[in-house]
Amino acid sequence: MDPVTPLIADSSPATDPGVAARAVELCQDYEQKIHVRTDRLFAGLMGLQWVAGVLFALWVSPLAWAGGTSRTHLHVWAALFLGGLLSVFPAALALLRPGERSTRYVIAVAQMLMGALLIHLTGGRIETHFHVFGSLAFLAFYRDWRVLVPATVVVALDHLLRGYFFPQSVYGVIAASPWRWLEHAGWVVFEDVFLLLSVYRSIREMRDRAERTAALEHQLRTRAVLVEDLRKAQKQAEVASRAKSDFLASMSHELRTPLNAIILYSELLEEEAMDRPGDQSVEDLRKIQSAGKHLLELINGILDLSKIEAGKMSVTPEEFDVRSMLSDVVDTVRPLVHKNSNRLTVNVADSVTTVNADVTKTRQIVLNLVSNAAKFTRLGSVTIDVTRSSGGARDYIEFRISDTGVGMTPEQTRRIFEPFTQADVTTARKYGGTGLGLAIVSSLCQLMDGSISVDSRPDAGSRFTVLLPVQPLQPAENHADAAA
């Protein structure tokens, strides 16, 4: 087991098993990369030390003289061949088998032996002993405390044996205390303590980094799965919505035909019954017509809403006179306004003339809003104010439909543009309605690049404001808006 693994496994028992396993895997990967990188560092260092040892041997003791004969000093041959043996083999392992445990152990032993050779070549100078401490610091780069063990043992044995048999080679003196090697070994162990603390701290930091990375990867995977699930759910919802819209559109067409027939036949039967004095079925036939018309209104609303949701309702702009359109609306809605004893007022500003919009949808928006105002107002007034306004780079026609009816609370105004929603159950029971009119108005306003807002207070009436552009966007403007 690698030295990092138990730290991970034992320190976070409450961690998710998958995250903990990934953290261990990341730690092992970090550790392997560190080992490979440090092996390559020592491959270069071994070569440099070899060259430095040879040059130093040539400079300090290149020749030895015996009478008239000169020969290369033994130190030069030791630096060349022994130094080469201590350098080439570990360097080859570092290049051919980087990251292997045996490679770093061989490097640790060879590095300490190279230090011993350099100490010997300098005649045991105290300055060269610092090579040992530097080598231990380099070995700590592995972040593997076990590498320091063979290195420390080699240093201690080298000082023990050479100090006993050849003290001048290691201490620079002819005779040395037999216990002097303990002093040197003690300083090495002293450095090892600090290096072990540094290695342990580095391992903990590496573990924390691995745990954070593993947790982040887990979160990203979880979010990716969630996003994918949401996309699938969205697609399913879109498919279901299209299927619902297609079904409602199909059913609405299927239901409207027999309903229109029922309403028509009930009207014919009512006319015949009215021609017969004392016929008691007139009232019942009127109830049938009322129920049929209410159901037909609901079906028409569902059909319009399903077309909008399915993206099958298009806008057909044409230039029309606003006053003429309002006249048609007033003629249509006047019976409902008078039914509740209300007064209808229409105010059109002089600046309002013609607009280029979908006249059918504009008429439906105003008609629905005026009908809604008349339905929720008793013995009051309904007012239509039409003005021209500007917003940004476009001109708008502003329709304000005001009433003095029951009004709504802020909570109710936030929900009234939702399909099948009315102010509350009591309102629906008292005033009737399908809850689709305002939802259709809101959708039509958006479809026509317009907007709708409402201002209302309980028992103080309501005011709906519709803004519709005077001119539709040109194709180039549409593209520009889409790009923005």
Selected residue [at pLDDT 75 or above, at negative phi and not assigned by TED's automatic domain parsing to the domain that holds Q364] from E217, E297: E217
Criterion: crowded, with 23+ Cβ neighbours inside 10 Å, more than 55 Å from the chain's Cα centre (by Cα) and among the β-branched types (V, I, T) - qualifying residue of V170, V132: V170
Considering residues of segment 347-375 that are in contact with a Pro (Cβ under 8 Å, 6 or more places away or on another chain) and not hydrophobic (A, V, I, L, M, F, W, C) only, the residue farthest from V329 (Cα to Cα): N356
Counted residues, segment 350-382 - those being within 20 Å of S442 (Cβ to Cβ), among the small types (G, A, S) and in a strand (DSSP E or B): 1
Residue identified as surrounded by 12 or more Cβ atoms within 10 Å (Cβ to Cβ) and either touching a helix residue (DSSP H, G or I) at 6+ places or on another chain (Cβ under 6 Å) or more than 30 Å from T152 (Cα to Cα) (or both) among L216, L305, L268, L220: L305
Options V337, V333, V315; residue that is on the phi < 0 side of the Ramachandran plot, outside any helix (DSSP H, G or I), out of contact with any His (no Cβ under 6 Å at 6 or more places or on another chain) and aliphatic (A, V, I, L, M): V315
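Let's see how each residue does on (1) touching a residue at least 40 places away in the same chain (Cβ under 8 Å); (2) closer than 27 Å to F141 by Cα:
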| site | (1), (2) |
| --- | --- |
| Q168 | yes, no |
| A175 | no, no |
| W181 | no, yes |
| G186 | no, yes |
| V193 | no, yes |
| L197 | no, yes |
Selected residue (criterion: surrounded by the fewest Cβ atoms within 10 Å (Cβ to Cβ)) from residues of segment 383-416 that are touching a Phe, Trp or Tyr at 6+ places or on another chain (Cβ under 6 Å) and not in a loop (DSSP other than H, G, I, E, B): S389
Cβ pairs under 9 Å, 6+ apart, first in segment 441-452 and charged (D, E, K, R), second assigned to a loop (DSSP other than H, G, I, E, B): D449/V315; D449/P472; D449/L473
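The values are calculated or read from the model by the stated rules, or taken from the named source; none is laboratory data. Source: prediction; values computed, not measured. Neighbour counts run over all protein chains shown; Cβ positions are idealised from the backbone, glycine included.
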